[in-house]
Amino acid sequence: MAIEQTFLMVKPDGVERQVVGDIVDRFERRGFVMKGAKLMVIPKELAEKHYAEHAERPFFGELVDFITSGPVFAMVWEGENVIKLARTMMGATKPEESNPGTIRGDYATTVSHNIIHGSDSLASAEREIGLFFGEDLV
Ligand code: IDP
């Protein structure tokens, strides 16, 4: 299995609830390495690009409004199989399917405010890292 990089982001609800430290701690304990991180308010244009695959969905406007509503903590993490393992650690999108012990399973009860984003494929990871960090990684 190759060493990969993935894009993770604590959403505005997670920053507001002050769970950034816990989330960083989980990925460090698992053995992944942080390669980039920044606290930022996402400009609307970047949010629309990031979520472009959902542009036709009825919740797109709500999604963009929410993700731009306050600071997010954007990160790049590196390690073996990190894209898939990070998704497992995050838990499922729907709250009724996210198991206790996962980030969403421990903190979220609604699909719209679900604490964390993580790339779902190698192509998404490359695209999202490029959008948020460009070459700006250690
Ligand atoms: P993911 O974040 O687990 O990859 P996606 O299906 O890519 O899930 O959806 C992106 C985000 O859109 C979700 O994390 C969630 O916050 C939001 N979302 C998904 N479905 C709904 C919905 O039905 N209503 C409101 N927001 C939704």
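The values are calculated or read from the model by the stated rules, or taken from the named source; none is laboratory data. In this text the structure is predicted, and so the values were computed from the model without any measurement. We place every Cβ from the backbone using ideal geometry, glycine too, and count neighbours over all the protein chains shown. Heads up: the accessible areas ignore ligands, DNA and RNA and are worked out on the full protein's heavy atoms, side chains in. Shrake-Rupley method; radii C 1.70, N 1.55, O 1.52, S 1.80 Å.
Taking the Cβ of Glu4 as the centre, find all other residues whose Cβ is under 15 Å away and add up their charges (Lys, Arg: +1; Asp, Glu: -1). Mind dumping the intermediate values first?
Values: positive: Arg30, Lys35, Lys84, Arg87, Arg127; negative: Glu78, Glu80, Asp120, Glu126, Glu128.
Net local charge, Glu4 excluded: 0.
Just to confirm a number: summing +1 for Lys and Arg and -1 for Asp and Glu over residues other than Glu80 whose beta-carbon lies under 12 angstrom from that of Glu80, what do you get? Show your work: numbers first, answer last.
Numbers: positive: Arg30, Lys84; negative: Glu4, Glu78.
Residues near Glu80 contribute 0 overall.
Going from most exposed to least, what order do Glu28, Glu135 have by accessible area with a 1.4 Å probe? Show your work: numbers first, answer last.
On the way: Glu28 105, Glu135 175 Å².
Heavy-atom accessible area, descending, gives Glu135, Glu28.
Net charge around Ile129, counting only other residues with Cβ within less than 15 Å of its Cβ (Lys, Arg = +1; Asp, Glu = -1)? The partial results should precede the final answer.
Details: positive: Lys35, Lys38, Lys49, Arg127; negative: Glu4, Glu78, Asp120, Glu126, Glu128, Glu135, Asp136.
Within the 15 Å Cβ shell, the charges total -3.
May I ask you to compute the full-extension gain from Ala2 to Glu53, defined as 0.36 nm times their residue separation minus their alpha-carbon distance, rounded to one decimal in nm?
On the way: separation 51, 0.36 × 51 = 18.36 nm, distance 2.65 nm.
Gain in length upon complete extension: 15.7 nm.
Note down, for the chain, the three equivalent ellipsoid semi-axes (square root of 5 times each alpha carbon gyration tensor eigenvalue), biggest first, whole angstrom. Let's see the in-between values first.
Working: eigenvalues 84, 67, 42 Å².
Semi-axes, largest first: 21, 18, 14 Å.
Leaving out ligands and nucleic acids, note down the accessible area per residue over the chain with a 1.4 angstrom probe, in whole Å².
Values: 7290 Å² over 138 residues.
In whole numbers, the chain has 53 Å² accessible per residue.
So, in region 10-86, how many Lys pairs have Cα atoms under 22 Å apart, if the pair is 8 or more places apart or on different chains? Intermediate values should be presented prior to the final figure.
Numbers: Lys11/Lys35; Lys11/Lys38; Lys11/Lys44; Lys11/Lys49; Lys11/Lys84; Lys35/Lys84; Lys38/Lys49.
Number of lysine pairs found: 7.
Please give the length that would be gained between Phe66 and Ser121 if that part of the chain were fully extended, namely 0.36 nm times their separation in residues minus their C-alpha to C-alpha distance (nm, one decimal).
Values: separation 55, 0.36 × 55 = 19.80 nm, distance 2.32 nm.
Residue separation times 0.36 nm, minus the Cα-Cα distance, leaves 17.5 nm.
Sorting Arg57, Arg26, Arg104 by accessible area (1.4 Å probe), largest first, what list results? Display every interim value, and only then the final one.
Details: Arg57 115, Arg26 40, Arg104 10 Å².
From most accessible down to least: Arg57, Arg26, Arg104.
Per the 1.4 Å probe, what fraction of the accessible area of region 1-134, in percent, lies on carbon and sulfur atoms?
Values: 3500 of 6820 Å².
The value for region 1-134 is 51 percent carbon and sulfur by accessible area.
Would you kindly state how much longer the chain becomes between Asp106 and Val41 on full extension, computed as 0.36 nm times their sequence separation minus their alpha carbon distance, in nm to one decimal?
My answer for the length gained is 20.9 nm.
Quick check: with the 1.4 Å probe, what order do Tyr51, Tyr107 take by accessible area, largest first?
Working: Tyr51 15, Tyr107 55 Å².
I get Tyr107, Tyr51, largest accessible area first.
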